[in-house]
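Structure, as structure tokens:
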């Protein structure tokens, strides 16, 4: 079974080498997509002997993930993992995330920060008690998605699932769009607990508003 | 009367710019026709304001013809902005496709 890990990166020269080296022993191939960083992210990634792709302009995490996923499908990956470049995810959780795919229990697996309460106590109170419950409610009401962590960027999917899920959102709305596509194609979903190391606190409320606007516009266009 | 004249002068200026842009080939034929009709209809509306007042009054509106024109203009503006946003989104998607193609080709 060929396991490929996709790492979208933007200005992560500080973290990228450590992230690549932590993930590399656990998968068959690592693909870093540099989203037009201003620092040495791309160069450092290439020096680790992995596949490094580069966007010539900054498009966003969603676009970088799609580029990497398309490449992984071309490379005949059986399992495709999405993993952040900022060092917040633990490589040791990869085994937990891909296990349901290997055992044919799911087509796509999402890592959740909220299954085990002790894994999210470092999250700011505002985000943990207001923003994340609001995100869950909005995903439930508008997209009929019932996950404990709908905005999680740590996910793994089979090649078949990756071919079916065709997200268009380039920036942060891709998380919600991927979930919509999963529901649309009736893919088997599973959530597993993961740990997060908080060194910054991700999206703000304004980011959430922008996601909703982007998804609304995309719906109008389609 | 003065306001109508002023409005017509402004429209004539825009029409002159439109023809100039067409001559310089800075505007596609479809765009040219659209704006030509837009400004001609606007000029027609300004000229026939008194007639518009009568129609609006007969339809039961309390506002005058010029107010109705204003409300319609704002509605049209919102619609044009909406169409612009759709166009921008499409352009962004096309750019993404190009950038991805370049990244995967390397």
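Annotations
Quick grid of which residues meet (1) farther than 17 Å from residue A:12 by Cα; (2) within 14 Å of chain B (Cβ to nearest Cβ); (3) out of contact with any strand residue (DSSP E or B) (no Cβ under 6 Å at 6 or more places or on another chain):
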{"residue": "A:60", "(1), (2), (3)": "no, yes, yes"}
{"residue": "A:75", "(1), (2), (3)": "yes, yes, yes"}
{"residue": "A:99", "(1), (2), (3)": "yes, no, yes"}
{"residue": "A:133", "(1), (2), (3)": "yes, no, yes"}
{"residue": "A:137", "(1), (2), (3)": "yes, no, yes"}
{"residue": "A:140", "(1), (2), (3)": "yes, no, yes"}
{"residue": "A:143", "(1), (2), (3)": "yes, no, yes"}
{"residue": "A:150", "(1), (2), (3)": "yes, no, yes"}
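- Residue satisfying condition, being away from chain A (no Cβ under 14 Å) and free of Cβ contacts under 8 Å to residues at least 24 places away in the same chain, within set B:85, B:17: B:17
- Filtering A:73, A:94, A:81 for residues that are in contact with a helix residue (DSSP H, G or I) (Cβ under 7 Å, 6 or more places away or on another chain) and either assigned to a strand (DSSP E or B) or free of Cβ contacts under 8 Å to residues at least 60 places away in the same chain (or both) leaves a single hit, A:81.
- Filter result for residue A:31 (within 14 Å of another protein chain (Cβ to nearest Cβ), in contact with a helix residue (DSSP H, G or I) (Cβ under 7 Å, 6 or more places away or on another chain), surrounded by fewer than 21 Cβ atoms within 10 Å (Cβ to Cβ) and not in a helix (DSSP H, G or I)): no
- Tally, over segment A:37-53, of residues that are surrounded by fewer than 22 Cβ atoms within 10 Å (Cβ to Cβ), in contact with a strand residue (DSSP E or B) (Cβ under 7 Å, 6 or more places away or on another chain) and not in a helix (DSSP H, G or I): 3
- Residues of segment A:55-70 satisfying the condition of being surrounded by fewer than 21 Cβ atoms within 10 Å (Cβ to Cβ) and without any contact (Cβ under 8 Å) to a residue 40 or more places away in the chain: A:56, A:57, A:70
- No other residue among B:35, B:39 is closer than 30 Å to residue A:213 by Cβ and in contact with a helix residue (DSSP H, G or I) (Cβ under 6 Å, 6 or more places away or on another chain) apart from B:35.
- Of all residues in segment B:51-73, those that are loosely packed, with under 10 Cβ neighbours inside 10 Å and assigned to a helix (DSSP H, G or I) total 1.
- Counted residues, segment A:152-174 - those being out of contact with any strand residue (DSSP E or B) (no Cβ under 8 Å at 6 or more places or on another chain) and part of a helix (DSSP H, G or I): 4
- Residue within segment A:115-135 that is within 22 Å of residue A:5 (Cβ to Cβ), in contact with a helix residue (DSSP H, G or I) (Cβ under 7 Å, 6 or more places away or on another chain) and buried (at least 20 other Cβ atoms within 10 Å of the Cβ) present: no
Each value in this text was obtained by applying a stated rule to the coordinates, not by laboratory testing. Just so it is clear, the structure is predicted and the values come from calculations on it, not from any experiment. Here Cβ is always computed from backbone atoms with ideal geometry, including for glycine, and neighbour counts include all displayed protein chains.
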